[in-house]
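The values are calculated or read from the model by the stated rules, or taken from the named source; none is laboratory data. Fair warning: this is a prediction, and the values are worked out from it, not measured in the lab. Virtual Cβ from ideal backbone geometry, glycine too; neighbours counted across all protein chains shown.
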Amino acid sequence: MSLFRLSDVSFGYDPATPVLHSVSLALEEGENLGILGESGSGKSTLLRLMLGLAAPDDGVIEADGSVLDITSRRRMQAHRRFAQPVFQDPYSSLDPRMRIGKALAEPHAALGLDGDVGQEIARVLQAVGLPQDSTARRPRAFSGGQRQRIAVARALIARPRVLLADEPVSALDLSTRVRVIDLLSDLSQEVTLVLVSHDVAIVAALCPRLVVLQHGRAVEAGATADILSDPQHDYTRMLLSSLPRLPRPEQETAR
Ligand code: ADP
Ligand code: MG
């Protein structure tokens, strides 16, 4: 059973200007999915719909084997345990006044989770590689990369099956970026990741599956390795060619 299945999903903030056009995709357990596209292509909107923050105008989203009905409190409570977000900017996703222990305890209570909250906090701090005494500090005591670890820890409290990460390393400096990517890679053992990015290299490092989004349309989808070695769509080729760091010797000589 797919973790997520989107079938012909369309959506517009204003119905007159659709942002997503008939997008279909599936997320399978253990197969991290990258969503690649330029700024404004609808990546964050797609994640919002998968989180249940808005409903499609058309089409169906299934999660964990059933239709995601965002008008059902009960369904949404279950969905928040199933899929958790990680956002781009850890500075704005953490309350600056709240000590880390409280920031981690809060979702545990709000989601009505089982288990001892202290043990669960210890578990997620360990999972993201932060010291246990982090609980007593506030966000400003941490670097950008550490704050993003805290945001990931907060998501992991729910023991979700899926992490929906929206440009999770874009706000970080380069050296920190690598370490957070390593963390997300390690977590792939226990959660399946949907990773939104405009950066091909990050998607290639973490995601065996890929959907390329252009102006709200999924123009290419499949195995990341296949798409990167033999892109079928002009837009994908354009995204790849805008990445000078990616070695692509065959393509260079083919031009
Ligand atoms: P991406 O994450 O790929 O940059 P977004 O999903 O943020 O793309 O945006 C897709 C389109 O939807 C853009 O044209 C953007 O201006 C529009 N959009 C995004 N958020 C809103 C909103 N809250 N209200 C109206 N339009 C929005
Ligand atoms: Mg975005």
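A few comments on the model shown:
- For beta carbons closer than 6 Å, sequence separation of 6+ or different chains, a first residue in region 137-153 that is free of Cβ contacts under 8 Å to residues at least 40 places away in the same chain and a second that is in a helix (DSSP H, G or I) and among the β-branched types (Val, Ile, Thr), the qualifying pairs are Arg137/Ile100; Gly145/Thr176; Gly145/Val180; Arg149/Val128.
- Selected residue (only one of Arg123, Arg97 is among the basic types (Lys, Arg) and in contact (Cβ under 8 Å) with a residue 40 or more places away in the chain): Arg97
- Which listed residue is among the charged types (D, E, K, R), at pLDDT 95 or above and crowded, with 20+ Cβ neighbours inside 10 Å, from Asp166, Asp133: Asp166
- Selected residue (only one of Leu47, Leu68, Leu51, Leu36 is away from ligand 1 (no atom under 16 Å from the Cβ) and in contact (Cβ under 8 Å) with a residue 12 or more places away in the chain): Leu68
- Subset of region 19-50 (residues that are of a type in the set (Ser, Thr, Tyr) and touching a strand residue (DSSP E or B) at 6+ places or on another chain (Cβ under 7 Å)): Ser22, Ser24, Ser41, Ser44, Thr45
Condition check ((1) within 18 Å of Tyr235 (Cβ to Cβ); (2) touching an Asp or Glu at 6+ places or on another chain (Cβ under 9 Å); (3) within 16 Å of ligand 2 (Cβ to nearest atom); (4) modelled with pLDDT of 95 or more) across all residues:
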{"residue": "Phe11", "(1), (2), (3), (4)": "no, yes, yes, yes"}
{"residue": "Ala16", "(1), (2), (3), (4)": "no, no, no, no"}
{"residue": "Val19", "(1), (2), (3), (4)": "yes, no, yes, yes"}
{"residue": "Leu27", "(1), (2), (3), (4)": "no, no, no, yes"}
{"residue": "Asn32", "(1), (2), (3), (4)": "no, no, no, yes"}
{"residue": "Thr45", "(1), (2), (3), (4)": "yes, no, yes, yes"}
{"residue": "Val60", "(1), (2), (3), (4)": "no, yes, no, yes"}
{"residue": "Ala63", "(1), (2), (3), (4)": "no, no, no, yes"}
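- Qualifying positions in region 161-209 - hydroxyl-bearing (Ser, Thr, Tyr) and within 16 Å of ligand 2 (Cβ to nearest atom): Ser170, Ser197
Rundown of residues vs (1) among the hydroxyl-bearing types (Ser, Thr, Tyr); (2) under 23 Å from Ala136 (Cβ atoms); (3) not in a strand (DSSP E or B), yes/no style:
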residue: Gly59; (1), (2), (3): no, no, no
residue: Thr71; (1), (2), (3): yes, no, yes
residue: Gln77; (1), (2), (3): no, no, yes
residue: Ser92; (1), (2), (3): yes, yes, yes
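- Taking first residues from region 77-89 that are in contact (Cβ under 8 Å) with a residue 40 or more places away in the chain and under 22 Å from Val169 (Cα atoms) and partners that are polar (S, T, N, Q) and not in a helix (DSSP H, G or I), the Cβ contacts under 6 Å between residues at least 6 apart in sequence or on separate chains come to Gln88/Ser170.
- Listed by first and then second residue, the pairs with beta-carbon distance under 7 Å, at least 6 apart or on different chains, first residue in region 212-231 and in a helix (DSSP H, G or I), second among the acidic types (Asp, Glu), are Ile227/Glu220.
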